[in-house]
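Down below is the structure, laid out as structure tokens.
Throughout, read-outs are computed from the coordinates displayed, never taken from laboratory work. On a predicted model such as this, the values are computed, not experimentally measured, just so you know. Here the Cβ positions follow ideal geometry from the backbone for every residue, glycine too, while neighbour counts run over all protein chains shown.
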């Protein structure tokens with residue numbers, strides 16, 4: 001038996017070809033000039049049946065597929081089944097491209113089918129032919145289509161109309177739902193349909209604990225089907241007798257709503273669930289005379305574009321959030337009965353789809369995630385670089401070709417760090433400066449720009465922390481002044497001195513090492529947290545002003561880090577804390593991804609809790625405040641803190657891992 005397949009090298013096509021080869025037939029694949037490599041890949045996919053595959057030179061864009069007389073003569077009357085799969089399934093493609101491929105291409109296929117006298121033409125249409133029909137769409141419906149609002153919907157409707165009305169060749173029409181990856185392997189060729197949600201789910205997974213309830217959207221039903229079901233059903237129905245002229249919905253008989261789909265993906269990804277969902281169709285009650293002008297306002301339009309850009313969702317896809325059509329597939333199910341072919345429930349294979357997307361399709365895979373690639377020959381200025389987090393970061397950068405500018409007060413410690421970097425093959429320069437002195441900040445920035453010609457990244461790491469309850473600081477106002485002087489004013493002075501340079505170059509990044517205490521409102525650290533919160537607030541304001549100048553502000557809300565700064569508090573020897581090297585990795589991540597904020601899940605959760613239930617969080621923090629005493633250095637009239645914490649303290653510290661107490 002001979003088959004002819006258009007679109008055989010496409011996603012559905014390469015699976016269908018395998019089914020046809022398994023039947024022992026010869027498969028002729030339409031190959032247009034320039035696509036020989038795709039046909040070669042198909043041969044490699046089926047090496048043991050390569051002798052059954054034949055390239056048919058032609059072009060979908062040419063009348064009659066551009067087949068010459070010799071090709072027509074050799075195949076006329078030989079093709080029992082012709083499958084037309086080639087089409088553009090892309091909401092972002094231009095109308096001209098879609099008309100050419102979907103409508104004109106189908107017209108040319110029909111011409112070739114008649115010239116070849118094929119036994120039956122099997123046309124892969126789409127549920128898109130219904131447009132945005134409100135209600136249940138049956139397999140015998142066509143002219144009832146509503147709201148063909150974009151080129152994809154219109155061209156698929158026009159193409160099926162051609163098949164239904166302009167050919168004498170026997171035809172069978174198949175309308176697949178939203179085709180996703182293989183239900184067993186997850187294999188998929190592009191991000192489309194429900195995959196547009198995956199990036200949002202990934203961001204939530206990275207930011208929040210999986211048990212945190214989320215507010216989401218609800219909408220219409222998304223009819224999702226795996227490619228193996230579509231191919232198995234199409235292969236079976238194509239070879240079953242007596243079905244010419246029929247239309248088959250290759251759809252899920254039990255589709256899920258938008259919010260349900262997102263929750264299934266979130267569950268598979270280990271991300272938070274959308275426990276409360278607002279129906280997006282409620283927006284339809286607002287008159288377009290209100291929403292139209294509002295959406296066109298420049299600030300609103302820009303925010304919308306940025307949101308969609310960050311999540312990589314095409315504007316056209318938003319219309320399907322409120323998809324109003326339900327597809328009846330009872331005729332198809334009746335013909336498949338007894339074949340063992342049925343659409344698997346989405347919940348049974350969504351984890352496979354997620355895993356394949358994460359490993360093969362996630363756009364983050366196709367950008368340079370290496371630290372070396374992102375800092376090559378860039379000037380990275382690090383304050384507080386002689387010990388702790390700053391030194392760990394500098395040593396991490398020593399493995400790259402970055403130009404590392406080390407800043408600290410102690411020249412001997414700086415020299416030691418510089419020697420370690422050079423021993424690792426890195427490039428570094430040291431500048432001794434006290435960044436709590438504003439004049440030294442000015443001289444520092446001017447010297448670095450003079451010596452290196454630029455600064456690409458400033459890491460505001462130098463800081464001072466004071467662990468002392470407020471009642472023990474009534475007569476120590478200077479604690480607040482000196483903490484603010486270094487943590488806020490010193491960092492701010494460096495930023496203000498560098499911003500004109502960044503503005504002129506239209507490039508730059510400022511990374512502020514903040515604290516989890518800003519998110520948790522840690523007691524006993526009011527001086528430290530206030531100074532970091534001030535810097536956070538300034539950076540949020542500045543980011544809004546410099547967003548269009550490619551100047552990035554990154555805030556890292558560090559959990560407790562085991563550095564010399566926490567050494568005086570002996571109880572910290574026994575509670576969870578991350579190593580300076582782990583903190584350095586967080587900063588490297590900010591450099592690579594230009595992250596707006598990096599925080600632990602617990603930190604983000606604490607911030608949300610404070611917003612939602614401020615009194616509850618206040619009580620929790622007060623419990624920790626009472627449980628952990630001031631250090632002997634903080635309050636000399638009290639007994640020294642215990643070197644060995646109690647079981648209760650340890651349990652509380654591990655539950656609140658990373659929070660300062």
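Once the cut-off is 16 Å, how many percent of the Cα-Cα pairs in the range 213-265 end up in the long-distance tail?
55
Enumerate the residues in the range 375-392 having an amide nitrogen under 13 Å from the point lying 7 Å beyond the Cα of residue 447 toward its Cβ.
none
How many Å³ per residue does the convex hull of the Cα positions in the range 331-389 occupy?
172
Which value, in nm² and rounded to one decimal, describes the direction-averaged projected area of the C-alpha convex hull of the range 96-181? Intermediate results must be reported in sequence, preceding the final value.
On the way: hull surface 25.4 nm².
For the Cα atoms of the range 96-181, the hull's average projected area reads 6.3 nm².
Which value results when the Cα radius of gyration for the range 1-176 is divided by 2.2 N^0.38 Å? It would help to have the intermediate numbers written out before the result.
Numbers: Rg = 16.1 Å, N = 176, 2.2 N^0.38 = 15.7 Å.
Normalised Cα radius of gyration, the range 1-176: 1.03.
Can you tell me the length gained on complete extension of the stretch residue 244 to residue 190, counting 0.36 nm per residue apart and subtracting the Cα distance?
Here the segment from residue 244 to residue 190 would lengthen by 16.2 nm.
What ranking of 357, 429 emerges when the number of other C-beta atoms within 10 Å of each C-beta is taken as an exposure proxy, fewest first?
With the fewest neighbours first, 357, 429 line up as 429, 357.
At R0 = 30 Å, how high is the FRET efficiency between residue 236 and residue 585 if r is their beta carbon distance? Nearest 0.05 is fine. If you can, show how the numbers build up before the last one.
Values: r = 52 Å, r/R0 = 1.75.
It comes to 0.05.
Assuming R0 = 56 Å, what is the FRET efficiency of residue 474 and residue 166, from their Cβ-Cβ distance, to the nearest 0.05?
Efficiency for this residue pair is about 0.05.
Would you kindly state how much longer the chain becomes between residue 136 and residue 593 on full extension, computed as 0.36 nm times their sequence separation minus their alpha carbon distance, in nm to one decimal?
Roughly 160.0 nm would be gained on extension.
Relative contact order for the range 500-557 using alpha-carbon pairs under 8 Å, separation at least 6, rounded to a whole percent?
Result for the range 500-557 is 55 percent.
When the distances between all Cα atoms of the range 407-525 are binned every 5 Å from zero, what whole-number percent does each bin get?
Each 5 Å bin holds this share of Cα pairs: 2, 10, 16, 19, 18, 14, 11, 6, 3, 1, 0.
Could you check the spin-label model distance between residue 275 and residue 48? Points 7 Å from the Cα along Cα→Cβ, value in nm.
5.1
Average projected area of the Cα convex hull of the range 44-96, in nm²? Don't skip to the end; give the middle numbers.
On the way: hull surface 23.4 nm².
Mean shadow area of the hull around the Cα atoms is 5.8 nm².
Working out 0.36 nm times the residue gap between residue 68 and residue 548, then minus their Cα-Cα distance, what length gain in nm do you get to one decimal?
In short, 167.2 nm is gained.
For labels at residue 144 and residue 376 in the simple 7 Å Cα→Cβ model, what's the distance in nm?
6.0
If you count, for each residue, the other Cβ atoms within 10 Å and average over each peptide, how do 388-395, 218-225 line up from highest to lowest?
388-395, 218-225
Set the Förster distance to 51 Å, then compute FRET efficiency between residue 35 and residue 613 from the Cβ-Cβ distance, nearest 0.05.
0.30
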